[in-house]
Amino acid sequence: MDQVKLRGDSEIDKLTQICHQRNQQSLDAWELYAPHRDSVTLLLRKLATPTDRLCILGAGNCNDFDLKLLAPVFQQIDLVDLDSQAVSHALDRQGIKQLNNIRVLPSTDVSGWLAQSTNTPQFDMDSLILTLNEKQAPVDQVVQQLSGPYEIVASVGLLSQLIDSIQELVAPTHILWSIALKAIIAQHINLLSGLTSEGGKSVLFTELFSSDSCEELFETPDSALSRLCRRELDRGNHYKGLNPAELRALHSKNSGFRHVSTTMPWKWQYLSRTYAVCAHVATKHRKETPLEN
Ligand SMILES: C[S@@+](CC[C@H](N)C(=O)[O-])C[C@H]1O[C@@H](n2cnc3c(N)ncnc32)[C@H](O)[C@@H]1O
């Protein structure tokens, strides 16, 4: 049975529409996201030096980082999303158009394969996998589209959306689904590496699991969150592909990175659902520095 759900030339339009609809749903989440936003903003501020340029991938409604606190500590901030309209509207809503070190880049598909798949007259799973597996091609193309390299590159809640996008195209029961999953995650880590300058840092903010699979998360205080996360991860309760150990291993496999660490988890209240989230911070190798084992 054919399990590819979308066909034809307009996958990118359909996925842009899906992103746009989701962004509409969380438009007014500024208050709700406050504790999550504090964690994201604090981590990015800690990494900043005044000459650094920051690139935020998956900026969307800009509810999960505080640009008013980030703008003074970075030389420049570039905001990237497939739905660049959501980003522009967020700057209007937050009244920060006057901060001239913030730029909204044109709508960009950071996965790099959507544009390629739209050039394929007969979209099929094999061509998708082939495109995803071309390790460098989609990465170089996206890196060229953006204005890197950046000293700090942050990906905020984006990787799970990229995985979701694949799900819009291919049923998770498809025989090649797990290959596609691995390829999209590897592409994202390669992109982070490609966009980060030597000695710079990439910060991958990802969800671990949600209150859908662990109701206890709603009531768990921050002080007990690490223990709960360890227990759930040991039980295998995590989004497929977003297990921290697997993600660290993938960073280490990318010769561009020399060190990767994972932060303590925190909670993100997303509409009626709570997520446990964390960040993976990786340092880009400097060519003159010998690689550590
Ligand atoms: C969960 S949201 C992140 C939250 C967002 N920073 C906010 O505060 O609203 C993920 C974002 O990724 C964007 N996105 C999804 N697929 C993308 C793609 N292929 N390329 C670029 N951005 C994408 C969506 O438009 C959305 O804005």
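Throughout, read-outs are computed from the coordinates displayed, never taken from laboratory work. What you see is a predicted model; the values in this text were computed from it and never measured. As a convention, Cβ positions derive from the backbone with ideal geometry for all residues, glycine included, and neighbour counts pool all protein chains shown.
Structural remarks
- Remark: the Q145-T51 segment gains 31.6 nm on full extension, using 0.36 nm per residue and subtracting the alpha carbon distance.
- Distance between the modelled labels on Q25 and I175, one decimal in nanometres: 3.3 nm (7 Å Cα→Cβ projection).
- Helix runs (DSSP H) in the chain reaching 24 Å along axis by Cα, Kyte-Doolittle at least -0.5: 177-195
- Computed over the chain, Cα set: Rg, Dmax in Å: 18.4, 55
- Residues of type lysines that K267 reaches as a straight line, Cα spacing below 29 Å, ignoring anything fewer than 8 places off in the same chain: K46, K68, K182, K201, K240, K253, K284
- Compared with the direct C-alpha span, the chain from S197 to Q75 gains 42.4 nm at full extension, assuming 0.36 nm per residue.
- For the range 162-221 versus the range 230-258, the spacing of their alpha-carbon centroids is 10 Å.
- The simple Förster model, with R0 at 41 Å and r as the Cβ-Cβ distance, assigns N243 and D92 a FRET efficiency of 0.60.
- In nm, spacing of pseudo-spin labels at S261 and D38 (7 Å Cα→C-beta vector): 2.2 nm
- Candidate lysines for bridging to K14, where Cα separation is under 22 Å - those fewer than 8 sequence places away on the same chain excluded: K5
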